[in-house]
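Trainee: Once you've had a glance at the structure underneath, I'll fire off some questions.
What follows draws every value from the coordinates through simple rules; no lab data is involved. For clarity, every value in this text was computed on a predicted model and none was experimentally measured.
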Amino acid sequence: MSEDNKKIPAWKADFPIKKREAAYVSRKEFIKLITFFSGTLALANVAIPVFNHFKKEEKLGEYFVGLTTDLNVGGMRTFYINEDHRNPYMLIRLAEDKWKVFEQKCTHLSCSVLYNHDEKVIECPCHHGFFNPDDGSVIQGPPPRPLPQLTVVIKEDKIFVTDFIKEAKETNGHG
Ligand code: FES
């Protein structure tokens, strides 16, 4: 053993990494970690809308919503499909035989929208976004897209919803 080695404490001899080198390695690891998380977030940003898009394309079958006698003209009620409380829907009775169902989440920042029968609009109280209750299209305000709409089917006095309608397509509320 040389004279120099004798002066180095045993613990240092066991881990012969200089402090500067150790800091360099951890900074490099940190950058790798940040890059990994940034990449994961970027992927999620793309994957989640794609996943939701395909999810909405799925056929729901016929989901029973309620009876026509449950709601007067101008009335609105919210409901969930298959107990999925993340996605509230709104059933609106626009006229005696005109029913509409939309997602109740605003397409801007997901606030709950409400039907205003006096003004004949669906409004978002958060940033004054307004939608057309006939087709869910944006009338005014910051929402970037129409409200997703479902097909309504009436059988005798029972109301069902089926699949999603393509954005802002005109319907008569009977599928
Ligand atoms: S969340 Fe509806 S307009 Fe902003």
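Trainee: For the range 72-81, take each phi angle, set θ = phi - 60°, evaluate the Karplus expression 6.51 cos²θ - 1.76 cosθ + 1.60, and give the result in whole Hz per residue in order, putting x for glycine and proline.
Mentor: With coefficients 6.51, -1.76 and 1.60, one gets 7, 4, x, x, 9, 9, 9, 7, 10, 9 Hz.
Trainee: Full extension from LYS158 to THR35: what is 0.36 nm times the residue separation minus their Cα-Cα distance, to one decimal in nm?
Mentor: 38.9 nm
Trainee: A follow-up question, please. Test of understanding: what is the full-extension gain from ASN132 to SER112, defined as 0.36 nm times their sequence separation minus their Cα-Cα distance?
Mentor: Between ASN132 and SER112, full extension yields an extra 5.7 nm.
Trainee: Let me ask another. Mind checking the full-extension length gain between LYS12 and ASP70? Use 0.36 nm per residue of separation minus the Cα-Cα distance, one decimal, nm.
Mentor: 12.9 nm
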